[in-house]
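Colleague: One structure, as C-alpha cells, below. Some questions next.
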Amino acid sequence: MKIIAIYPGTFDPVTNGHIDIIARAAKLYHQVIVAVAVNRNKTPLFSIEQRVELLQQVTSHFDNVKIIGFDNLLVDCAKQQGANVILRGLRAISDFEYEFQLAGMNRRLSPELETMFLTPAEQYEFISSSMIKEIARLGGDVSEFVPRSVQQQLLEKFNRG
Ligand code: ADP
C-alpha cells in the first residue's frame with residue numbers, strides 16, 4: 001500500500017521548522033503533499049500564490065514532495081489527493097491541545113484518515129511563522145530560522161530590502 005501524507009498548514013511563511021518536518025516525512029512516506037490553506041480566518045501576510053511558490057523553491061530537491069493550495073475542507077482535499085495520512089508537526093505541550101482536537105474532529109469527519117505527528121530537531125522547536133514575522137517586522141535578523149528566499153521576501157514586505 002502506498003502511504004501518501006498530506007501536511008496542511010498556513011505556511012505564512014515556511015520556516016526551517018516546517019522544512020525539518022517535510023524532510024523527515026519525505027523519508028517515511030511514498031509521497032508528501034504540502035497543502036497550503038488559503039485561510040480566511042487568519043489574514044496571512046503572504047498571498048496563497050507566494051506561500052506556495054516559496055515552498056516549491058525550498059523543497060525542489062525532494063522528488064516525492066508536492067505543494068498545493070487548498071480552500072476546501074481538509075478531509076475532502078486529502079481524499080481528492082489520495083492521501084491516507086494527515087501529518088502535523090508538534091513543537092511543545094502548548095501545541096498539543098489544539099492538535100488533539102483537530103485530529104479528533106478530522107477522524108469524525110473521515111475515519112479512514114490517520115493523523116500522525118512528527119517533532120522537529122530541538123533547534124527548531126521554538127520557531128513559529130508568527131514570531132518570525134514579528135521579528136522581521138521589527139528589523140530583527142531571521143536568517144537562522146528561515147531559508148534565504150523567505151528572508152528576502154520578508155525584507156521586501158517590510159521595506160527593509
Ligand atoms: P496552522 O495555521 O495550520 O497551524 P502552520 O503553518 O503554523 O499552520 O503550521 C503547520 C503545521 O506545522 C502545524 O502542525 C504546526 O504545528 C507545524 N509547525 C509549525 N512550526 C513548526 C516547527 N517549528 N517545528 C515543527 N512543526 C511546526
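Colleague: Does the range 1-44 hold any residues that are within 9 Å of the ligand (Cβ to nearest atom), touching a strand residue (DSSP E or B) at 6+ places or on another chain (Cβ under 6 Å) and not in a strand (DSSP E or B), and which are they?
Modeller: 10, 11, 21
Colleague: Quick test of your reading of the structure: residue 103 fulfils all but one of (1) open to solvent by less than 50 Å² (accessible area, probe 1.4 Å); (2) within 12 Å of the ligand (Cβ to nearest atom); (3) of a type in the set (Gly, Ala, Ser); (4) under 17 Å from residue 39 (Cβ atoms). Name the failing condition by number.
Modeller: Only one criterion in (1) open to solvent by less than 50 Å² (accessible area, probe 1.4 Å); (2) within 12 Å of the ligand (Cβ to nearest atom); (3) of a type in the set (Gly, Ala, Ser); (4) under 17 Å from residue 39 (Cβ atoms) is unmet by residue 103, namely (4).
Colleague: What's the number of the condition residue 97 fails, among (1) under 17 Å from residue 11 (Cα atoms); (2) open to solvent by 30 Å² or more (accessible area, probe 1.4 Å)?
Modeller: Of (1) under 17 Å from residue 11 (Cα atoms); (2) open to solvent by 30 Å² or more (accessible area, probe 1.4 Å), only one is false for residue 97: (1).
Colleague: List pairs: first in the range 145-160 and free of Cβ contacts under 8 Å to residues at least 40 places away in the same chain, second of a type in the set (S, T, N, Q), Cβ under 9 Å, 6+ apart or cross-chain?
Modeller: Within 9 Å, the pairs are 151/143.
Colleague: For the range 14-34, enumerate the residues that are within 16 Å of residue 114 (Cβ to Cβ), open to solvent by less than 30 Å² (accessible area, probe 1.4 Å) and not aromatic (Phe, Trp, Tyr).
Modeller: Once the filter is applied, which keeps residues that are within 16 Å of residue 114 (Cβ to Cβ), open to solvent by less than 30 Å² (accessible area, probe 1.4 Å) and not aromatic (Phe, Trp, Tyr), the range 14-34 yields 25, 32, 33.
Colleague: Do we find that residue 51 is of a type in the set (D, E, K, R) and within 12 Å of the chain's Cα centre (by Cα) in this structure?
Modeller: Numbers: of a type in the set (D, E, K, R): yes; within 12 Å of the chain's Cα centre (by Cα): yes.
Answer is yes for this residue.
Colleague: Give the residue, chosen from 111, 120, that is modelled with pLDDT of 95 or more, touching an Asp or Glu at 6+ places or on another chain (Cβ under 7 Å) and either over 20 Å from residue 36 (Cβ atoms) or within 10 Å of the ligand (Cβ to nearest atom) (or both).
Modeller: 120
Colleague: Next question, about the same structure. What residue, of 46, 62, 11, 70, is of a type in the set (Phe, Trp, Tyr), open to solvent by 30 Å² or more (accessible area, probe 1.4 Å) and at pLDDT 95 or above?
Modeller: Selected residue: 62, the only one of 46, 62, 11, 70 that is of a type in the set (Phe, Trp, Tyr), open to solvent by 30 Å² or more (accessible area, probe 1.4 Å) and at pLDDT 95 or above.
Colleague: Answer with yes or no whether residue 153 is surrounded by 18 or more Cβ atoms within 10 Å (Cβ to Cβ) and away from the ligand (no atom under 15 Å from the Cβ).
Modeller: The answer is yes for residue 153.
Colleague: Still on this model: Among what's in the range 79-93 and is modelled with pLDDT under 95 and near the ligand (Cβ under 10 Å from one of its atoms), pick the residue that is farthest from residue 29 (Cα to Cα).
Modeller: Kept after step one, since they are modelled with pLDDT under 95, are these residues of the range 79-93: 91-93.
Now restrict to residues that are near the ligand (Cβ under 10 Å from one of its atoms): 91-92.
Numbers: 91: 21, 92: 24 Å.
Result: 92.
Colleague: Any idea which of 144, 125, 53 is under 30 Å from residue 2 (Cα atoms), among the acidic types (Asp, Glu) and either modelled with pLDDT under 95 or within 13 Å of the ligand (Cβ to nearest atom) (or both)? Break it down into steps so the answer makes sense when it comes.
Modeller: Values: 144 fails: under 30 Å from residue 2 (Cα atoms); 53 fails: either modelled with pLDDT under 95 or within 13 Å of the ligand (Cβ to nearest atom) (or both).
Checking each option against the conditions leaves just 125.
Colleague: Can I ask one more? Residues that are in contact with an Asp or Glu (Cβ under 6 Å, 6 or more places away or on another chain), under 22 Å from residue 106 (Cβ atoms), open to solvent by less than 20 Å² (accessible area, probe 1.4 Å) and of a type outside the set (Lys, Arg): does the range 79-89 have at least one?
Modeller: Checking the range 79-89: at least one residue is in contact with an Asp or Glu (Cβ under 6 Å, 6 or more places away or on another chain), under 22 Å from residue 106 (Cβ atoms), open to solvent by less than 20 Å² (accessible area, probe 1.4 Å) and of a type outside the set (Lys, Arg).
Colleague: Pick from 110, 130: which is open to solvent by less than 100 Å² (accessible area, probe 1.4 Å) and closer than 24 Å to residue 26 by Cα?
Modeller: Details: 130 fails: closer than 24 Å to residue 26 by Cα.
The conditions single out 110.
The values are calculated or read from the model by the stated rules, or taken from the named source; none is laboratory data. Every value quoted in this text rests on a predicted model; they were computed, and no experiment measured them. Heads up, the Cβs are rebuilt from the backbone with ideal geometry, glycines too, and the neighbour counts pull from every protein chain shown. With ligands, DNA and RNA removed, areas are computed over all heavy atoms of the protein, side chains included. Shrake-Rupley method; radii C 1.70, N 1.55, O 1.52, S 1.80 Å.
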